[in-house]
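The structure under discussion appears below in the form of structure tokens.
The values are calculated or read from the model by the stated rules, or taken from the named source; none is laboratory data. Keep in mind the model is a prediction, meaning the values are calculated, not measured. With ideal geometry, Cβ positions are generated from the backbone for all residues, glycine too; neighbour counts draw on all protein chains shown. Accessible surface is based on the protein model in full, side chains and every heavy atom, while ligands, DNA and RNA are left aside. Shrake-Rupley method; radii C 1.70, N 1.55, O 1.52, S 1.80 Å.
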Amino acid sequence: MRIGGIEVIVDYSWLVILAVFAMVGGYFPQARPSYAASEYWAMGAAAALLFFLSILIHELAHSYVAIKHGIKITSIRLLVFGGLAQATSEPKTGRHEFLIALSGPAASMVLGMVFLIVYASFYMTNPMHPAARVAGFLAWANILLAGLNLIPGFPFDGGRILRAFLWDRWDDMARATKIVSQIGNGCALFLIIFGILQFLATQSLGLGLLFVFLGLFMRHSATGSFQTVMLRRTLTGVQVKQVMTENVVSVDWLASVSDFVQDYIYKHKLTDFPVFNRDEFVGMVSLEGVKTISKELWGFKQVRDILTPVEMVPFLLPADDAAEALTRMLAGDLEQMAVMEDGHFLGIVSRRDIMNLFKIKSDLGVA
């Protein structure tokens, strides 16, 4: 589904897992052991759905503030453990990052207060009402979500808030990211050790593993965040035209699909090619296009039947920033993109081209 032009990707097992956790895990039976099993299921399902919406609102708050500061958000992926917004660029200043990062926990805290008010209103009139228990659970869950996200380490919002403060203070994003990454690694190590001790002390495997996995996730994210900043810093000032390949192998749009597979995909070990009608660039053809028709028709169908027309081809300008180009490719799950200007095809740039330049500059110590 799409909300305000942002694609929302949902792992549907999320709802089932949380509903089962809410009922079987014991929260509602412990909170009020006199309900029927069907009521526990209904309460668990309601809590799962509303908490799902709470996480969506948390991520949409980030996205709204980001868009207000000129950052395009392409998608939001909602997972069992939370959400992840995919942006095409980074904040330009520490202040912008601070506002974007703070908006999520602020939204969760507001939701927590709203559910707390609902719980209090039921508590004064009918404290045993199932809605009161659900509201109480959601108040606790949203406040906990806000607090968890304020941990000062990546990938939590608290890490981005701390980085924003240090970035604004030092005017050096790379240095701020390095410090926050180190803090995140420290928090991750603490959570891993705490999870192991939790298991040894209580024999609670589930809770112990939760802390260990959370710590491992934090450690991976802290390392990845620093590497991302170093990539951007190393590629500062590098334009797409400096890394693109100009003399690329092209395909005639009248070639058969069979010839395309044999003479281009197999021969050149590539999966995407520009397509021309004489001297006119008419689109791109790929291995994915070949998969759309049965093998028996390869000899009868032509490349023009399976190409992506030029008006639908995502492209870059030669003066575009190489780091931003890589971000766009990652966001769109693209291995490479066409480079065009004024309707003319100039070449191809790939993730590999950009990463090879990054590796060379890193090896030479050039940033």
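Computed about the Cα centre, the dipole magnitude for the range 205-361 is approximately 860 debye when only Lys and Arg (+1) and Asp and Glu (-1) carry charge, each at its Cβ.
Normalising the average separation of contacting C-alpha pairs (under 8 angstrom, six or more residues apart) by the number of residues puts the relative contact order of the chain at 11 percent. Which longest uninterrupted range of the chain lacks any trypsin sites (Lys or Arg not before Pro) assigned by DSSP to a loop state (not H, G, I, E or B) and surrounded by at most 10 other Cβ atoms within 10 Å? So the longest stretch without any such site is 1-268. The share of accessible area on the range 115-197 that comes from carbon and sulfur is 71 percent, using a 1.4 angstrom probe. Across the range 88-222, the volume of the C-alpha convex hull divided among the residues equals 135 Å³ per residue.
Angle of helix 94-125 to the longest C-alpha principal axis of the chain, folded into 0 to 90 degrees and rounded to 10: 40°. Between the Cα long axis of helix 13-24 and the first principal axis of the chain there is an angle of about 10°, rounded to the nearest 10. Shape summary: the range 291-357 maps onto an equivalent ellipsoid whose semi-axes, from the alpha-carbon gyration tensor, are 28, 15, 10 Å in decreasing order.
With both bridge residues required to lie in the chain, what share of the DSSP beta bridges run antiparallel, to the nearest 5%?
Taking every DSSP beta bridge within the chain, about 75 percent pair in antiparallel fashion.
Globularity index of the range 185-331 is 1.65 (Cα radius of gyration / 2.2 N^0.38 Å, N = number of residues). Considering only His268, His129, His96, the Gaussian network model of the chain with Cα springs below 10 Å gives its largest mean-square fluctuation to His268. Using only the Cα atoms of the chain, each taken as one equal point scatterer with no solvent, compute I(q) by the Debye sum, divide by I(0), and report log10 of the ratio at q = 0.12 Å⁻¹. For the chain at q = 0.12 Å⁻¹, log10 I(q)/I(0) is -1.02. Of all lysines in the structure, the ones whose alpha carbon falls short of 28 Å from that of Lys291, not counting any fewer than 8 places away in one chain, are Lys267, Lys269, Lys301. The charge dipole of the chain, taken about its Cα centre with unit charges on the Cβ of Lys, Arg, Asp and Glu (plus for the first two, minus for the last two), comes to roughly 1160 debye. For the chain, the per residue solvent-accessible surface stands at 55 Å², with DNA, RNA and ligands left out and a 1.4 Å probe.
Could you let me know the centre-to-centre spacing of the range 114-188 and the range 274-328, using Cα atoms, in angstrom? Centre-to-centre (Cα) distance: 44 Å. Quick check: the angle from helix 157-170's long axis to the longest principal axis of the chain, C-alpha only, nearest 10 degrees? Helix 157-170 sits at roughly 70 degrees to that axis.
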